[in-house]
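Single-structure report; data block below.
The values are calculated or read from the model by the stated rules, or taken from the named source; none is laboratory data. Not measured: the values here are computed from a predicted model. Using ideal geometry, Cβ is built from the backbone for each residue, glycine included, and neighbour counts are taken over all protein chains shown.
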Amino acid sequence: MATERRAQVTWRGDLLSGSGTIESVTSGVLGGLGVSWRSRSEDPGGQTSPEELIAAAHAACFSMALSNGLAEEGHAPERLETSATVTFQPGEGITKIALAVDGSVPGMSEEDFRKAAEGAKENCPVSKALAGVPEITLDAKLAG
């Protein structure tokens, strides 16, 4: 069954001096978040940006995909700590996403973990949606 998620944003003014507010999302867990060109291209100043939200979405989606893939292989993870860093270049757009994951997965080799992480990077729905990004890197490590 397909699901739909919605976000409502209000923007006032032009791009460079205007600002917006992420008013609400379907779940109700986010709202009242400020967004501006400055928060996107310079200093966040207590506001978010589309790229920050994309980073959160990508890290969460990747973690879910990796967790599922590992469990299907009989190696459910104890813990996955994932970060996504989105590079935004004004005038060009998103030029790079760097994923990094540290995992605690009993009974799994480093090589098998990296292979599973690579599969999650290629196949999670957010990765697929971001396929136009010129560079998406992955650093996957098992916790010692």
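Return a yes/no flag: does the range 59-79 have any residue that is closer than 24 Å to K115 by Cβ, among the acidic types (D, E) and assigned to a helix (DSSP H, G or I). Let's see the steps before the verdict.
As a first pass, look at the range 59-79 and keep what is closer than 24 Å to K115 by Cβ: 59-79.
Next, from what is left, pick out any that are among the acidic types (D, E): 72-73, 78.
Now drop any that are not assigned to a helix (DSSP H, G or I), which leaves 72.
Looking through the range 59-79, at least one residue is closer than 24 Å to K115 by Cβ, among the acidic types (D, E) and assigned to a helix (DSSP H, G or I).
Within the group G34, G13, G69, which residue is in the same structural domain as I136 (by TED's automatic domain parsing) and small (G, A, S)?
Numbers: G34 fails: in the same structural domain as I136 (by TED's automatic domain parsing); G13 fails: in the same structural domain as I136 (by TED's automatic domain parsing).
After ruling out the rest, the residue left standing is G69.
Condition first: on the phi > 0 side of the Ramachandran plot and not assigned by TED's automatic domain parsing to the domain that holds S24. Can you find one or more residues in the range 121-136 that meet it?
As a first pass, look at the range 121-136 and keep what is on the phi > 0 side of the Ramachandran plot: none.
Within the range 121-136, none of the residues are on the phi > 0 side of the Ramachandran plot and not assigned by TED's automatic domain parsing to the domain that holds S24.
Hey, can you tell me all the residues within the range 94-144 that are small (G, A, S) and in a strand (DSSP E or B)? Give the derivation first.
Of the range 94-144, the ones small (G, A, S) are 98, 100, 103-104, 107, 109, 116-117, 119-120, 127, 129, 131-132, 140, 143-144.
Within the range 94-144, A98, A100, G103, S104, A140 meet the criteria.
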### Message
Name the single residue that is surrounded by the most Cβ atoms within 10 Å (Cβ to Cβ) among those in the range 37-67 being within 30 Å of R12 (Cα to Cα) and of a type in the set (S, T, N, Q).
### Response
S39
### Any hit, the range 73-85, residues being crowded, with 20+ Cβ neighbours inside 10 Å, among the hydroxyl-bearing types (S, T, Y) and under 22 Å from A129 (Cα atoms)
yes
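Taking the range 79-103 on its own, how many of its residues are of a type in the set (S, T, N, Q) and within 17 Å of A65 (Cβ to Cβ)? Before you say what the answer is, go through the steps one by one.
As a first pass, look at the range 79-103 and keep what is of a type in the set (S, T, N, Q): 82-83, 85, 87, 89, 95.
Adding the requirement that they be within 17 Å of A65 (Cβ to Cβ) leaves 82-83.
Qualifying residue count for the region: 2.
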#### Entry: Among residues of the range 8-54, those that are touching a residue at least 60 places away in the same chain (Cβ under 8 Å) and more than 23 Å from T95 (Cα to Cα), counted
0
## Note on the structure
Residues of the range 31-51 being closer than 24 Å to I136 by Cβ and assigned to a helix (DSSP H, G or I), in sequence order, are S39, R40, S41, P50, E51
### Query
With (1) in a strand (DSSP E or B); (2) assigned by TED's automatic domain parsing to the domain that holds I136 as the list, and I54 as the residue in question, which single condition is left unmet?
(1)
